[in-house]
Structure formats: C-alpha cells, structure tokens
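The structure appears right after this line, and notes come after that.
The values are calculated or read from the model by the stated rules, or taken from the named source; none is laboratory data. Keep in mind it's a predicted model, so treat the numbers as computed, not measured. No Cβ is skipped: glycine too gets one built from the backbone with ideal geometry, and neighbour counts run over all protein chains shown. Remember, those area values only see protein heavy atoms, side chains included, never the ligands or the DNA or RNA. Shrake-Rupley method; radii C 1.70, N 1.55, O 1.52, S 1.80 Å.
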Amino acid sequence: MKIENILFDVCVIGSGAGAGPVIYELSKAGHKVVVLEKGPWFSTKDFAKDELSATRRSVYTPNLKDERHVIEELDNNGKWIAKSTYETGNDFWNGNCVGGSSNFMSGYFSRLKPTDFKLLSTYGNIEGANIVDWPISYKDLEPYYTKVEKIVGISGKVVKHKFLEPRSTPDFPYPPLQVNHVSHLIDKAASELNIQTIPLPRAILSKQKNDRNACYYSNYCGSYGCASDAKGSSRVSLIREALKTGNCTVITNAKVFKLDTKDKNKVSEAFYYTADGETKKIKAKIFVVAAQAIETSRLLLMSKNKFFPNGLANNNGQVGKNLIFSAGGVGAGDLYYKDFDEETAKKLAQPGVFVNRTIQEFYELEDKNGKKMKGGTVDFLWEHANPVSKAIRQKWDENGNLLTGKKLQNNLQHYFTDLRKLKFEIFVDWLPTDNCFVSLDDKVKDKWGDPVARIRIGYHPHDLEIGNIIAEKSEKILEKLGAKNIYSGISGAPPTNLQAGGCRFGNNPKTSVLDKNCKAHELDNLYVTDGSFMPTGGSVTYTWTIYANSFRVADVIKGKLMNK
C-alpha cells in the first residue's frame, strides 16, 4: 500500500526534543506513528569531531542560499531594518536532521522553578512586556521532568540550595560527570564571596545505559554530534527505541509546506516535498508539529485555506506572536598557568573533562527599593576547544592591527600554551513583547518557492538590566579566582539555538494559540510540542522543559486515541 493511502494514528512534523517523547510514547503504546523530518538521517558514526563540518560549514543545517530567514532589527535611528541571513551569514538554523538540534546541544539541563510558571502573579507586570502566568503549574510538569531524567538520561548530583525546586526523587539516576580541577577553584572563590555554586546537571551519560555508551570526554561536545551516544539526543534516546517497536515510520528529506483541513475542525493531511521535489501527502488522525519555534509558526502561517485565511489555528492573529529567546550574555577571563603552582597548572590544562558548575543564587534579585524581581542563572564552562576559531581570533593585536609572520606565530603559541580561558554564560528571561514575532516575508522565497520566515527581533531593556546585574556578580568570582583580562557582554542579540514562543498556550482562546494541553484552540487534532508553547522562558536553557512537556502531551494524546 502506498504510504499516502495509509491513515496513521499520529503524524509528527519534526524529530527534535519536542517531537521525540511523542514519537517514543505513542509508538510504544502500539499506535502507528509517521515522522516527517526535513533533514537527512545522520547516524552516530557520521559524527566526527571535525570543526569544519560541525561549526564552519552548512553540513547539519541548510545552505543559506537555498533556505534563509529575513531578520528585522532596530538600527541606531530607531528604524526596523530587514536583512536576509544569506546576506549577513547570521544563521538561525539549528540542526536539520533526525533528532534536530538535540544532536548538537551541550546538554545543560536545569528545571524551571515553580515561580517560572507564575511570573506575572509573583513579580507583577512590567510595562511593555506581555507577561502571563502559565495555565499549568510546576507540580503538573514535575513527574515528566523526572521521566526525562530516567529515559533520556541525566547525570548530576542534587545539592540543596535556596532555589532548589521540589523533586519527587532524591537525586539524578546517573552520577555526575568528571570535572576539571577548575571546578573546585570556582567553588572556593564563590564561597569566599558567600555565593553558593552547585553541580550542573547534564543530559550526558556518565555510565552506560543499554546500548548507549558513557561519555568519553572527547573535548568536543557543544555544537558536535556525539560519537558515543552518551548525549541525550532525541534521535538516540527516544526515536531509536521507537523504531524497535515496528510502529514508527520516519520519512527523511520531507519538507512539510502545508497542513490542510477539509472542514474548520480537523487537520486532514500534511503535504510535503520529497528530496526529488515531488509533492506527497500523509493522512493521520492526529497531527503534532514540532519543527522548532520559528519554523512551526511559519508552517502554520503558510497553511491557509478558506477556514483559516490567516494561517492554520490563527483566526485570532496570535500565531507567530510573543516569540522569545534566552536573554543574557557571556563573560570570560584568562587563567595563566604561571599564576598557579606546577601541579595545579597541569590539572587546569587537562582537556575533555567538564566544568559543570552553575549558580542559581541570583534566580531572584531585589531592586533598589527592596522589591523582588526575577533574576537568572550562571553556568561556567571552558572556552570551546575549536582550534580554527581560536586561532582566527588571535590574528589581531590589541590595537586591531592584523598580525602576520613571527608575530602571529608568537601570539598563537602564547594563547594555546600559556593560558586557558574560563567563561560564564548568563541566562535570564527574554520578556515577550509586541516587537518579537514571526511572520512570512512577502518577497524572499526558499528553494521550493515558499515564503521564508521573517523574524522581528525586539528585546525589552529589562532583560539587559538583569543581565548586567548578574554579570557584575559573576566577574567578581573570576577576579577572586585570579583570572586576568576579565570581561562580560550583555546584549539583545538572541542565541538562535534557544528559541520558544510563537504559539503560546493558555486558557483564553483570544490571546493564545494552544490550550493547556498544547492542542490548538480551533482544531480538534492539532498539537504543538516544541518550545512554541512557552509564554515565558524562565532563566535556564529550554530543552529539559520541552522534553518534559512533550512527554506530558504524549499522555494526553494517548488518552485521546484510546477513547476513539
């Protein structure tokens, strides 16, 4: 039977963190699941530690000549200027392949706090920000956070601290990963400043789990596919298991361009282009979209018909609105080996093992009037090992002059042998505003002739205020540690790998796209399970929450299919 004549129980569009739990749970429950993935299928053996392919070429993401975005940003005169990412090289793609960007994540996994679910009622309104409380609570999601720990696999150690969220289990199922000696120096420096550091949980296995090997500390993790399957990608931890059931069909190189309805209540078909440019369709009882926030909004906006002239599930005009990223920034300092004794310097130079230290003591702050306000998280890490990128940054002297010959050689030798750069990353809420949203560009098309996503990137000044407060506190830890050349930078530039919103969930159909179970208000069989559902993002990375919520929604869909 031709695949277009099969009525599947569930059609899932995308295969990353938002898709994997649905694919896993429904396949294991005996339902027939088909997955439409726009990219190819890379296996574990395809993931070499090759900096050029992983970070400097479009190997795991589309070529911007074929598939681009249009980005709107404010210029210095307060005017919105639109430029194609093909012009700027500012890539907003994050992994177009089976497993999506979860293949390439660093696996920094932190739960949201109970207050993250009720930001408005806890801290109050901020003028110019579209803050709302979530329609669910931390208590609703807690069992699914725990489920992710076990099934995807999270390594770490629970340490009591001021903002530790309630847990149903005493500790993580896998012990902490190995850490560099610098982690203990960070602990000591922070303690002397009366700041508590805690171990950072990672979605990386410290011990073998079934046919997945433990981490072997390659020194190339973030932005790289995992060669041991230790990293908890959707591909390895969930889809691989779903395939074993015989109930899961994955179609790769399938670019979905339209979801259609035969009436105003249900999606009937998903239309997609094959690698050969043919147009095909899939029928299913239930459709789940998890294409990452920007592309999910784009697909719904493209899926127009007489029942939904503004795009699918968009008769209220909310699809694409309230897009969020993760606000904050980075800082760093240089640790010179000569400033430490020989044994300590040798330990600091040890490659591969992690830093895995985080600070959540700043998760809540006070303003100058003593009013509580939402803060953020600090994660410490070594500068990525990538030698090409590091070398390129050494080709200028302190005055901005290009170095060549012996001067360049000396600079390179100094940077690669005399010091190691310790960094910190700050995560604070990117407040949703009317000036951060996804629409369709009316001129620029992709290689199939479809309109590309046009993304307006407006940020709230409050984001920078909070980020700068935390950066100042974080720099003091590096100073205490003995670092030199310390700096930090907080900006409104979005980290393109941390995107959410665009289809926020809520109880009011006039102001939200999805209900509390991530079903479209206007359709009986359409769900969105990537980060699009999030009305606010919290002050941690999103992936664990996306995984957990997808497991939660999978239970809802299972119940719905059982009742049919």
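A few comments on the model shown:
- Once segment 206-227 is narrowed to residues that are touching a strand residue (DSSP E or B) at 6+ places or on another chain (Cβ under 6 Å) and not hydroxyl-bearing (Ser, Thr, Tyr), the residue that is farthest from residue 543 (Cα to Cα) is 207.
- Matching entry among 537, 501, 458 (being touching a Ser or Thr at 6+ places or on another chain (Cβ under 7 Å) and farther than 24 Å from residue 108 by Cβ): 458
- Residue in segment 41-61 that is in contact with a Phe, Trp or Tyr (Cβ under 9 Å, 6 or more places away or on another chain), within 26 Å of residue 430 (Cα to Cα), of a type in the set (S, T, N, Q) and in contact (Cβ under 8 Å) with a residue 60 or more places away in the chain present: yes
- Residue selected from segment 150-160 under the condition part of a loop (DSSP other than H, G, I, E, B) and in contact (Cβ under 8 Å) with a residue 40 or more places away in the chain, by the criterion farthest from residue 373 (Cα to Cα): 154
- Qualifying positions in segment 280-307 - closer than 19 Å to residue 531 by Cα and of a type in the set (D, E, K, R): 295, 298
- Which listed residue, of 561, 523, is open to solvent by less than 10 Å² (accessible area, probe 1.4 Å) and more than 18 Å from the chain's Cα centre (by Cα): 523
- In segment 39-55, residue surrounded by the most Cβ atoms within 10 Å (Cβ to Cβ) [restricted to those that are in contact with a Ser or Thr (Cβ under 8 Å, 6 or more places away or on another chain) and not β-branched (Val, Ile, Thr)]: 39
- Failed item in (1) touching a helix residue (DSSP H, G or I) at 6+ places or on another chain (Cβ under 8 Å); (2) loosely packed, with under 14 Cβ neighbours inside 10 Å, with residue 160 passing the rest: (1)
- Of all the criteria given as (1) part of a strand (DSSP E or B); (2) out of contact with any helix residue (DSSP H, G or I) (no Cβ under 8 Å at 6 or more places or on another chain), the one not satisfied by residue 476 is (1).
- Residues (assigned to a strand (DSSP E or B) and crowded, with 22+ Cβ neighbours inside 10 Å) located in segment 291-331: 321, 322, 323, 324, 326, 327, 328, 329, 331
- Those residues of segment 394-413 which are closer than 18 Å to residue 334 by Cα and loosely packed, with under 12 Cβ neighbours inside 10 Å, in sequence order: 398, 413
- Of residues in segment 161-210 being basic (Lys, Arg) and assigned to a loop (DSSP other than H, G, I, E, B), the one farthest from residue 545 (Cα to Cα): 207
- Yes/no for residue 431 being of a type outside the set (Phe, Trp, Tyr), outside any helix (DSSP H, G or I), surrounded by 22 or more Cβ atoms within 10 Å (Cβ to Cβ) and touching a His at 6+ places or on another chain (Cβ under 9 Å): yes
- Helices (runs of 4 or more DSSP H) fully within segment 35-149 counting 1 or more residues that are within 18 Å of the chain's Cα centre (by Cα) and at pLDDT below 95: 51-55
- Just one of the numbered conditions (1) of a type in the set (A, V, I, L, M, F, W, C); (2) surrounded by fewer than 20 Cβ atoms within 10 Å (Cβ to Cβ); (3) under 21 Å from residue 497 (Cα atoms) is not true of residue 7: (3).
- The criterion of being touching a Gly at 6+ places or on another chain (Cβ under 9 Å), open to solvent by less than 10 Å² (accessible area, probe 1.4 Å), of a type in the set (Gly, Ala, Ser) and part of a strand (DSSP E or B) holds for residue 453.
- Residue check: residue 31 meets all listed conditions (1) in contact with a strand residue (DSSP E or B) (Cβ under 8 Å, 6 or more places away or on another chain); (2) open to solvent by 40 Å² or more (accessible area, probe 1.4 Å); (3) in a loop (DSSP other than H, G, I, E, B); (4) farther than 22 Å from residue 225 by Cα but one, namely (2).
- In segment 93-118, the residues that are over 20 Å from residue 539 (Cβ atoms) form Cβ pairs under 6 Å with partners that are aromatic (Phe, Trp, Tyr) and in a loop (DSSP other than H, G, I, E, B), at six or more places apart or across chains, as follows: 95/60; 95/104; 97/42; 97/60; 98/41.
- Among residues of segment 297-328, those that are small (Gly, Ala, Ser) and touching a His at 6+ places or on another chain (Cβ under 9 Å), counted: 2
- Of the candidates 236, 250, the single residue that is assigned to a strand (DSSP E or B), out of contact with any Ser or Thr (no Cβ under 6 Å at 6 or more places or on another chain), within 30 Å of residue 109 (Cα to Cα) and not hydroxyl-bearing (Ser, Thr, Tyr) is 250.
- For residue 259, the test of being open to solvent by less than 10 Å² (accessible area, probe 1.4 Å) and in a strand (DSSP E or B) is passed.
- Residues located in segment 273-283, provided they are open to solvent by 10 Å² or more (accessible area, probe 1.4 Å) and either in a strand (DSSP E or B) or within 22 Å of residue 513 (Cβ to Cβ) (or both): 273, 279, 280, 281, 283
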